[in-house]
Amino acid sequence: MREPRRILILGAGGHGRVVLDILLQAGPCQVVGFLDNNADIHGRRIDGIPVLGPIDDLTTLAEQHDVGGVIVAIGDNGVRRGLARHVDRSGLTVLNAVHPSATLAHNATLGRNVVVAAGVVVCAHCQIGDSVILNTGCLIDYQTMIGEGSHICPGVRIAGRVKVEPGVFVGIGATVVPKVTLGCESIVGAGAVVIEDVPALATVIGVPARRIKLAAASEEIAAMLLPARV
Ligand SMILES: CC(C)(COP(=O)(O)OP(=O)(O)OC[C@H]1O[C@@H](n2cnc3c(N)ncnc32)[C@H](O)[C@@H]1OP(=O)(O)O)[C@@H](O)C(=O)NCCC(=O)NCCS
């Protein structure tokens, strides 16, 4: 029988603990430790698993502990996405964590560093990008695309043929009707019902959802929003 994969979780906060539970429920694996840049928790144990040191020492610690895979479990969308790209470039294997109670259509696709929590349903022909969090009990209906580094919070219902661009945060219990687009890094408030496209960087709340804020674009996002040059 093959030895279970030895895994490091990057991030020992709330999301890190959720990811630990998903990995343990999902099957044979050995979580050898957390890495976290908060020095106050180095050497402590979280749910029995040691915090081995800072994320900055990833390469050395992965080698020391004979690690076979890494998952980035940081709640902040931008940090999670950037760190996962960095880990990927460093040659370590980036893993997904899929809870055994989640239901994924046979033709749904998952990127890397994807977390699928308990009770999630992903329907036919959905495409889930790298570093996406599909949190507890959310529903993603057919042919919907979720862009890199987005977080779909617990109990969200996203209808069919929705396009969620990268870095979007959809708050707990929100609903999104079919065929709308949630622009890059937009935020949908808890419990909102989105019935039309949401512009990039906008925050929307309420039923039906209305815009309350527009954030300034980071350089990375500004570049993504530029019209393509011919
Ligand atoms: C939408 C949200 C991001 C706004 O946060 P914010 O930018 O800090 O905005 P504020 O808290 O300053 O609120 C601004 C206004 O919107 C209202 N508001 C905020 N969130 C709201 C919501 N979800 N629904 C309805 N109204 C909301 C506030 O009452 C406030 O109204 P006022 O100006 O009349 O006083 C936040 O409230 C939210 O819903 N976050 C979701 C959190 C979540 O789902 N977490 C789960 C993690 S797994």
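The values are calculated or read from the model by the stated rules, or taken from the named source; none is laboratory data. Just so it is clear, the structure is predicted and the values come from calculations on it, not from any experiment. As a convention, Cβ positions derive from the backbone with ideal geometry for all residues, glycine included, and neighbour counts pool all protein chains shown.
Observations, loosely collected:
- Residues that are in contact with a helix residue (DSSP H, G or I) (Cβ under 6 Å, 6 or more places away or on another chain), farther than 22 Å from SER101 by Cα and buried (at least 21 other Cβ atoms within 10 Å of the Cβ) do occur in segment 35-42, at least one of them.
- Hits in segment 145-160 (condition: farther than 12 Å from VAL115 by Cβ, assigned to a strand (DSSP E or B) and within 15 Å of the ligand (Cβ to nearest atom)): ARG157, ILE158
- Of all residue pairs spaced 6 or more apart or on separate chains, those with beta-carbon atoms under 9 Å, a first member in segment 169-188 that is outside any loop (DSSP other than H, G, I, E, B) and a second member that is near the ligand (Cβ under 8 Å from one of its atoms) and among the aromatic types (Phe, Trp, Tyr) are ILE187/PHE169; VAL188/PHE169.
- Among the residues listed as THR175, THR136, THR203, the single one being within 12 Å of the ligand (Cβ to nearest atom) and more than 15 Å from the chain's Cα centre (by Cα): THR203
- Counting residues in segment 63-80 that are surrounded by 19 or more Cβ atoms within 10 Å (Cβ to Cβ) and free of Cβ contacts under 8 Å to residues at least 40 places away in the same chain gives zero.
- Condition met for GLY191 (outside the structural domain of ASP76 (by TED's automatic domain parsing) and within 17 Å of GLY75 (Cα to Cα)): no
- When HIS86, HIS125, HIS151 are checked against the criterion of being within 23 Å of ILE71 (Cβ to Cβ), of a type outside the set (Gly, Ala, Ser) and in contact with a Phe, Trp or Tyr (Cβ under 7 Å, 6 or more places away or on another chain), a single residue qualifies: HIS151.
- Scanning segment 151-201 for residues that are acidic (Asp, Glu) and surrounded by fewer than 20 Cβ atoms within 10 Å (Cβ to Cβ) returns GLU196, ASP197.
- Search result, residues across segment 180-194 that are away from the ligand (no atom under 15 Å from the Cβ) and out of contact with any helix residue (DSSP H, G or I) (no Cβ under 9 Å at 6 or more places or on another chain): VAL180, THR181
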